[in-house]
Structure formats: C-alpha cells, structure tokens
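Worksheet: the structure to be examined is printed underneath.
Since every read-out is calculated from the coordinates, none of them should be taken as a lab result. Model, not experiment: these values are computed from the prediction. Cβ sites come from the backbone with ideal geometry, for glycine too, and all protein chains shown count toward neighbours.
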Amino acid sequence: MTTAPIRLDIFSDPVCPWCYVGKANLDRALADHPDHPFVIQWHPFQLNPEMPPEGVSKRAYLDQKFGGKARVDAIHERLREVAKAAGVDMDPDKPQRMPNTLNAHRLIHWAGIEGVQQAVVNALMRAYWTEGRDIGDLATLADIAGENGMDREATMRLLQSDADADDIQARDQDARHKGVNAVPTFLIAQQYVVSGAQPPETWGKVIEELMGRTE
C-alpha cells in the first residue's frame, strides 16, 4: 500500500551551519528510504534579522559574538568534525561575509513556486559553506537561480525590487510567535516538532514509523 504524502516543513537559514548538516543527514535518510512520504517545504528564519543589507565581516562578527578568536577557532574545528561525519564538505573559515539573508529567503520562496526549492536550498548552502560565495550579493543569488533551473534575468529583476520581502519577514515573525527559536526546526505533519541536526538513523526511524502508521 502506498503511504499518503506527509508534509515536512523545515525552518532554516542558509548561513546556519547546523542547517547544512541537518539537511545532509535528512537527505541521506531520504535516499535510504526512496519511498518516503515526505513533501518538503522550506520556510524562512533569519538568524541575524538586524544584519545590515550589505552584511559584515564574518570573522569580526563572530569574534565579537563569541568572545574572541580562540573561542571561534574551537567552534569552527567542532563544526568541521561534525560536517565531516555527515559527509558535508564545509569550511567555516571560507565565507568572508556574514550576509543579511532576506534576499536568499526570497529566492528560496520563488524557487518553491518554480518547483526547484530543494536544489536552490542546497546550492545556497553549498555556495556559502563550501565555496565561500557571498549569498547576500544580488548577482550571486541570481547566478545561483540560473544555475538551478530558474531564469537568471527575471530573478535579478525580482531581487532588485521589494517583491515578497514583507511576506518573508511576516512568515519569519509568525514562526517565532509559534515557538521556533532556533534552526533547523522540522515540523512533521503540522503536529510533531524535531529540532536540530538529527542523525540519519533518527530520520530513518521517523520515516519507518510514519510509514507503518499510515499503511
């Protein structure tokens, strides 16, 4: 018997390293369960909503936030270990800018309309964490759109406008009001919340349990 589709809402930010690891872990579980029931939708959550539109120096920002270079170096080393275990190619020192991600979230929204949301989310995270690209830069975002099945020029025109900016910010605030205070946060079937970068084995058990219940 075919399992009925189950909605999986994911709240994330492309500049969140745990979101990249969490996505990789989920992707491995989905690959191991090709008949999984999930229909995935990504939702905006800005880790740094007050970030200037042009962004700031990432290292200077983190040094100030976490109390100095040694502390940040330790965090980055831990991230490398976790990412490697998840099969993710991540270099936390590669990104030079900490961007404002409002425009990246607008792009994710439009990608959802065009049916390429998964590809664009993955491309944004890879661009930032692996390639060190500035995903706050409009031309970079338009390039990523074009590289993943969207019309680059049309996307650039949208990015240069205020299209859907208010909607993205309202959705971000709505998530916070409903209790999302960290990412990644996964909402299963609009009922069950899973927080953090859970290992593939955990997702595998969730998928198997859901499929068993709905058969």
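A few points about this structure:
- Simple Cβ-charge dipole of the chain, Lys/Arg +1 and Asp/Glu -1, about Cα centre, in debye nearest 20: 580 debye
- Contact order relative to length of the range 94-215, as percent, for alpha carbon pairs under 8 angstrom and 6 or more apart: 21 percent
- Candidates ALA197, ALA60, ALA182, ranked by Gaussian network fluctuation over the chain, Cα under 10 Å, top entry: ALA60
- Kirkwood hydrodynamic radius over Cα pairs of the chain, then Stokes diffusion coefficient at 25 °C and 0.890 mPa s, in µm²/s: 137 µm²/s
- Overall form of the range 49-111 per C-alpha gyration tensor (a/c, 1.5; a/b vs b/c): oblate
- Using the Cβ-Cβ distance between ASP166 and ALA60 with R0 = 30 Å, the FRET efficiency computed as 1/(1 + (r/R0)^6) comes to roughly 0.50.
- Inter-probe distance in nm under a simple model that places probes 7 Å from Cα toward Cβ, at ALA85 and ASP174: 3.6 nm
- The range 1-75: C-alpha gyration tensor shape, a/c 1.5 cut-off, then a/b vs b/c: prolate
- Between LYS94 and THR3, the FRET efficiency estimated from the beta carbon spacing at R0 = 30 angstrom works out to 0.15.
- For the chain, modelled as a GNM whose springs connect Cα atoms under 10 angstrom apart, the maximal fluctuation among GLU147, GLU81, GLU50 occurs at GLU50.
- Mean sequence separation of contacting Cα pairs (under 8 Å, at least six apart), scaled by the length of the chain, corresponds to a relative contact order of 33 percent.
- Dipole magnitude of the range 147-215 about its Cα centre (Cβ charges: Lys, Arg +1; Asp, Glu -1), debye to nearest 20: 260 debye
- Dipole of the chain computed with +1 at Lys/Arg Cβ and -1 at Asp/Glu Cβ about the Cα centre; of ALA139, TYR192, PRO34, farthest Cα towards the positive end is TYR192.
- Gyration tensor (alpha-carbon) shape descriptor, the range 76-126, a/c threshold 1.5: oblate
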